[in-house]
1. Go through the stretch B:30-65 and give me each residue that's in contact (Cβ under 8 Å) with a residue 40 or more places away in the chain, touching a Lys or Arg at 6+ places or on another chain (Cβ under 9 Å) and facing chain A (nearest Cβ under 9 Å).
2. What's the number of the only condition in (1) among the polar types (S, T, N, Q); (2) at pLDDT below 90; (3) surrounded by fewer than 18 Cβ atoms within 10 Å (Cβ to Cβ) that A:S20 fails to meet?
3. Scan the stretch A:214-232 and tell me whether some residue there is at pLDDT 90 or above, in contact with a helix residue (DSSP H, G or I) (Cβ under 6 Å, 6 or more places away or on another chain) and on the phi < 0 side of the Ramachandran plot.
4. Please go through the stretch B:75-98 and give me each residue that is surrounded by 17 or more Cβ atoms within 10 Å (Cβ to Cβ), in a helix (DSSP H, G or I) and without any contact (Cβ under 8 Å) to a residue 24 or more places away in the chain, ordered by number.
5. Here are some residues: A:V319, A:V284. Which one is within 14 Å of chain B (Cβ to nearest Cβ) and modelled with pLDDT of 95 or more?
6. For the stretch A:49-76, enumerate the residues that are of a type in the set (A, V, I, L, M), crowded, with 16+ Cβ neighbours inside 10 Å and either assigned to a strand (DSSP E or B) or in contact (Cβ under 8 Å) with a residue 40 or more places away in the chain (or both).
7. A:V150 fails exactly one of the following numbered conditions: (1) closer than 28 Å to B:M47 by Cβ; (2) in contact with a strand residue (DSSP E or B) (Cβ under 7 Å, 6 or more places away or on another chain). What is the number of that condition?
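The values are calculated or read from the model by the stated rules, or taken from the named source; none is laboratory data. As the structure is a computational prediction, the values presented were derived from the model and not from experiment. Using ideal geometry, Cβ is built from the backbone for each residue, glycine included, and neighbour counts are taken over all protein chains shown.
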Amino acid sequence: MSGEASKAISKDVLWGGGRSPFSVSYGKMMMWYFLVSDALTFGGLLVAYGFSRAGSTAAWPIGEQVFRAMPFLEGHYPLAYVALMTFILIVSSVTMVLAVEAGHRNDRSGVLKWMAWTIVGGFTFLGSQAWEWSHFIHGSGGSFLLAEDVTVTGPEGEVFEMTAGESVFMDHHFGHLMEMYLAGDPAVTLSEEGGHIVLTELGDHPHEAHLHGLTLNKYVEGETMVEGDAMMDLWNARSENFSFGANLHDSEYAVQQSYSNFFFFITGFHGFHVFSGVVINIVVFFMVLNRVMERRKHYEMVEKVGLYWHFVDLVWVFVFTFFYLI
Amino acid sequence: MERDDLIVNDSYALNAHHSEEEGQAIRKKIYMVTLILSVITAVEVGMGVMFKRNDTFTWTAIKWTFIILTLFKAGYIVMTFMHLGDERKNLRNAVVVPYFIFIGYLIFIALTEGASHFGLDLMFH
């Protein structure tokens, strides 16, 4: 046992007691401990999500069916937007680690450049998340629950035995007018023409929406659109229980409300972390700009905010897998 | 016994500065990890889109593949980006070991309680 180290070291890197447990500064170690506890929080949320999902008797929505829209584009792009968000966050994590690396070489302009890019990446991710939330909240056509059991035939002759309480999904145009109609908008009228349901909106730009088909199993495996008589059978078996998009009380995505609640809570709590990470990044950016780190002779503050930023990326990796993929 | 509670010449100590060559080596590693993370994510998305979700063995196997790939990604982020791999071993253990004990216990208890509560075999459902 050699006991005390023989090397003389600078006093200002030691803790108050003259020692540095784990050979790190106090701030860095506390950041690690904070991250451990925060990781347990997210771990708890994801375990709770899995618990609810496994215990759910009704079908649980799957990511590739729910998250398949892209801004400015028509059509279906399953998981593409979420993958893009994941990539944005990974890239901003890379620019952050490059800022930390520049800090260790005392390269002030390098730190500023890479931190600026990290902040841009953070805002880009937050903007993407805002779009995704908006799309999730507005929904894509809405659904109604069946009031009675009905058996319908699909386009390829397959038979669906639908029971009361199951969801049937409308298309975007029809659902949009239906929502206005149900809200009591006097400009929207509902009529039946030649075996079709027609919604008409009067006003400056009068237009109609025809019920062309109703979709079964939209957010689970086996999405099918039924038309003609089968569609009318479903329509006539509707209850008054319509849902459009999602909020804290209602959701078109699933019969069980917990799906949307977990979406809002987990991605919202993560988004809050991203937001606070961006704010701290901006603060540290201005500290570097004002040459605070040069006076301190080290860039450890960049490293500490970097740890937090990577943690945010780390959490998203797990959210991506457990909420969207599985 | 070597003391490791002093900030001496660790590569990430406050008073340690990296040379241009060291920086180059670190950057190379960063770009490598970026590539690995991007490729794994692309593979995951591809698998998620390609395979049907049902009760077959294939989907169960894919779910476990997702989890293993995710743990790989997490390992790269923590060990390289957060450079926990370059810290002292006792700090690494102080972070990783308690986490896995607690989260392991939570997962274990959720699976056991869930299995008895819902009457489901959660592991292979």
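1. Initial filter on the stretch B:30-65 (in contact (Cβ under 8 Å) with a residue 40 or more places away in the chain): B:30, B:33, B:36-37, B:55, B:60.
Going one step further and asking which of them are touching a Lys or Arg at 6+ places or on another chain (Cβ under 9 Å), we end up with B:36-37.
Passing the criteria: only B:L37.
2. Single failed check for A:S20: (3).
3. Yes, the stretch A:214-232 contains a residue that is at pLDDT 90 or above, in contact with a helix residue (DSSP H, G or I) (Cβ under 6 Å, 6 or more places away or on another chain) and on the phi < 0 side of the Ramachandran plot.
4. Of everything in the stretch B:75-98, those that are surrounded by 17 or more Cβ atoms within 10 Å (Cβ to Cβ), in a helix (DSSP H, G or I) and without any contact (Cβ under 8 Å) to a residue 24 or more places away in the chain turn out to be B:V78, B:L84, B:L91, B:R92, B:A94, B:V95.
5. Details: A:V284 fails: within 14 Å of chain B (Cβ to nearest Cβ).
Result of the check over A:V319, A:V284: A:V319.
6. At the first step, the residues of the stretch A:49-76 found to be of a type in the set (A, V, I, L, M) are A:54, A:58-59, A:62, A:66, A:69-70, A:73.
Within this subset, residues satisfying the condition of being crowded, with 16+ Cβ neighbours inside 10 Å are A:54, A:59, A:62, A:66, A:69.
If the condition is that a residue be of a type in the set (A, V, I, L, M), crowded, with 16+ Cβ neighbours inside 10 Å and either assigned to a strand (DSSP E or B) or in contact (Cβ under 8 Å) with a residue 40 or more places away in the chain (or both), then A:A59, A:I62, A:V66, A:A69 are the ones that fit.
7. Unmet condition: (1).
Per-residue answers, yes or no, for (1) assigned to a helix (DSSP H, G or I); (2) under 30 Å from A:T57 (Cβ atoms):
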{"site": "A:E156", "(1), (2)": "no, yes"}
{"site": "A:F174", "(1), (2)": "yes, yes"}
{"site": "A:L177", "(1), (2)": "yes, no"}
{"site": "A:A209", "(1), (2)": "no, no"}
{"site": "A:Y219", "(1), (2)": "no, yes"}
{"site": "A:L234", "(1), (2)": "yes, yes"}
{"site": "A:V255", "(1), (2)": "no, yes"}
{"site": "A:Y259", "(1), (2)": "yes, yes"}
{"site": "A:G268", "(1), (2)": "yes, yes"}
